[in-house]
Amino acid sequence: MSDDEDPDFEGLIFVTVPQPADDDGTTEWLIRGGRTKSNIFHTPGYPAPVPKARLPNMVIVKETAEMGMGLFATCDIKRGELVFAERPLLVSPCFIPEQDFPHLTDEADERERQLFRAEFESYLKLAFQGMSFEKQEAFMSLSNCKSKDSFGPLLGIFSSNGYQIDLDDDSESLDKYGAIGELAARINHSCRPNVRQEFDRASFSLRFYTKKDIKAGDELFYCYCNIRGTAAERQAFLNPSYGFVCVCPSCVNATLASDELHSGFASEASRLGDLFPENKREKEAVDRTVLESMIELEKRMIEEGLEGEFSFDQLLLIIGMGYKSLGMLAEGESYTKRCPKTRFDGPEASEDDA
Ligand SMILES: [Zn+2]
């Protein structure tokens, strides 16, 4: 057994996956420790083919008016559909100096932080050299919002475009990974996102699903920040991390009420959900005022562009059950039908994908 096949090996490992290569492309993968590698290689079905969307080329990369390149739908896509899936160009641990070196404080250790970044850049360079020339070109064409900081070009691109993915079942693990996908990296930010992301370990691919119905020509948006923050909290994260000020309608038109909705929709949906139905005796109808509060929350979430959130789907199901408990079967069915089936299958089904 070589070192990097040993689950207890704790060094840095470089590997191209999958091996043997299939028609769906390969990923240069930097791994911290043999355990994560062993977990992936023993995932049932690994290495599976990358899942295919209903049609080929449902998205296209195009220039946007103000946000550089963006990703656009080429056809109408229903809520909950797979839009595309791809093997990332690169997957690497998200080394975070503040976490890896908690002794580094702001002013004292900028030099140490710079050394650390230079070292990280050299690891990324090794992975980059493993890519084909075409993939290197694709990687270098991505945006870099860190070009003015003490980030090397590869680390700058990695930090600007990476999606955080979970490769480990241990949610407490500090080993968070980032994945750069050629199409994924073109999706711009909005606090009214219309796609969500999942990482499929068996096929080692990034998958994107619609959170809302999308029309041909619409731009795809992913929320880079925590959607449960107020407008000020969202800007306070986005600006230093990505170097832009979000001008989505939810930020531009933010009010006290919309801020309260962003920070409170998930707990409010779950509070109302607890009032029905499991906690009620069988056949007892839901309280009409609870049902009205749920419908009011549904309306406010749609106005705020939050109808792609997992809590919203839960709300639809509960309202559906509420109507049915009152004998209003057609109304109930119209709600439950709106909830996409794929929503409750994926690994992220237990929480909102903010
Ligand atoms: Zn915004």
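Quick note: the coordinates plus some simple rules give every number you see, no bench work behind them. Since the structure is predicted, the reported quantities are computational estimates derived from the model, not experimental observations. Ideal geometry is used to build each Cβ from the backbone, glycine not excepted, and the neighbour counts take in all protein chains shown.
Under the combined filter of DSSP loop state and at most 13 neighbouring Cβ atoms within 10 Å, segment 14-69 retains these trypsin sites (Lys or Arg not before Pro): K52, R54. Mind telling me which of N188, N144, N57 comes out most flexible in a GNM of the chain, alpha-carbon contacts under 10 Å? Maximum fluctuation in the GNM of the chain, among the listed residues, is at N57. Taken as entire DSSP H runs, the helices of the chain that both span 24 Å or more between Cα atoms along their own long axis and average -0.5 or more on the Kyte-Doolittle scale are 256-274.
Provide the percentage of antiparallel DSSP beta bridges, counting only those with both residues in the chain; round to the nearest 5. Show your work: numbers first, answer last.
On the way: 30 of 34 bridges.
Antiparallel bridges: around 90 percent, rounded to the nearest 5.
What the Kirkwood sum gives for segment 191-319 is a hydrodynamic radius of 16.4 Å, with every pair of different alpha carbons counted. When the chain is treated as a GNM, springs tying every alpha-carbon pair under 10 Å, which of A231, A216, A184 comes out with the largest mean-square fluctuation? Between A231, A216, A184, it is A216 that shows the largest mean-square fluctuation.
Between D218, D274, D313, the residue with the greatest mean-square fluctuation in the GNM of the chain (Cα pairs under 10 Å linked by springs) is D274.
Legend: distances between Cα atoms for K211/K299; K37/K176; K52/K135; K125/K211; K37/K78; pairs beyond 25 Å are K125/K211; K37/K78.
Computed log10 I(q)/I(0) for the chain at 0.10 Å⁻¹: -0.70, from the Debye equation with unit scatterers placed on every C-alpha and solvent omitted.
What is the chain's relative contact order, in percent, from Cα pairs under 8 angstrom and six or more apart in sequence? Please list the in-between numbers first.
Values: 592 pairs, mean separation 57.4, N = 354.
Taking the mean separation of contacting Cα pairs over the length of the chain, I get 16 percent.
For segment 249-344, the calculated P(r), taken from all Cα-Cα distances in 5 Å bins from zero up to the bin holding the longest distance, is 2, 13, 24, 23, 18, 10, 5, 2, 1, 0 percent.
Let me have the relative contact order for segment 249-344, percent, based on Cα pairs under 8 Å that are six or more residues apart. Show your work: numbers first, answer last.
Numbers: 82 pairs, mean separation 26.1, N = 96.
Contact order relative to length: 27 percent.
Comparing Cα centroids, segment 312-343 and segment 52-91 end up 30 angstrom apart. Helical runs (DSSP H, four residues minimum) scored at -39500 (n - 2.57) apiece and divided by the length of the chain put the mean residue ellipticity at 222 nm at -10500 deg cm²/dmol.
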